[in-house]
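First comes the structure, then the notes that go with it.
Derivation of every value follows stated rules applied to the coordinates shown; laboratory data play no part. Since the structure is predicted, the reported quantities are computational estimates derived from the model, not experimental observations. Glycine also receives a Cβ, built like all others from the backbone with ideal geometry; neighbour counts cover every protein chain displayed.
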Amino acid sequence: MTTADTPHDNGLPIRLLHDRVLVKLEGNEGERRSMAGIVIPATASVGKRLSWATAVGVGPNVRSIVTGDRVLFDPEERSEVELQGRDYVLLRERDVHALAARRVENDSTGLYL
């Protein structure tokens, strides 16, 4: 058995198939804080709100996402799973709306010419 065949890729007890992306939600899903620091309770009525998460595993057919990317997705289109006592969300790559952009690379000057 080669390292690619092991079921424990990235420390996870599963191997993702096809176009699946396993993500860990950032922060608490309940209360949120505004940019000014105001606490917004989970019961506050808001429009459809997308959520940020960090990709912790990707399937072999995922083309645009790598482990460690921050992804933006609709929390209503998700499947939750518990692995080793931790909660994760399983998505298809097509359910991810955007990736967080890296503004300045380590070896760049930060100037946009």
**Q.** Stretchable slack from residue 99 to residue 79, in nm (0.36 nm times residue separation minus alpha-carbon distance)
**A.** 5.3 nm
Q. What net charge do the residues around residue 96 carry, taking every other residue with its C-beta under 15 Å from that of residue 96, with Lys and Arg at +1 and Asp and Glu at -1?
A. -1
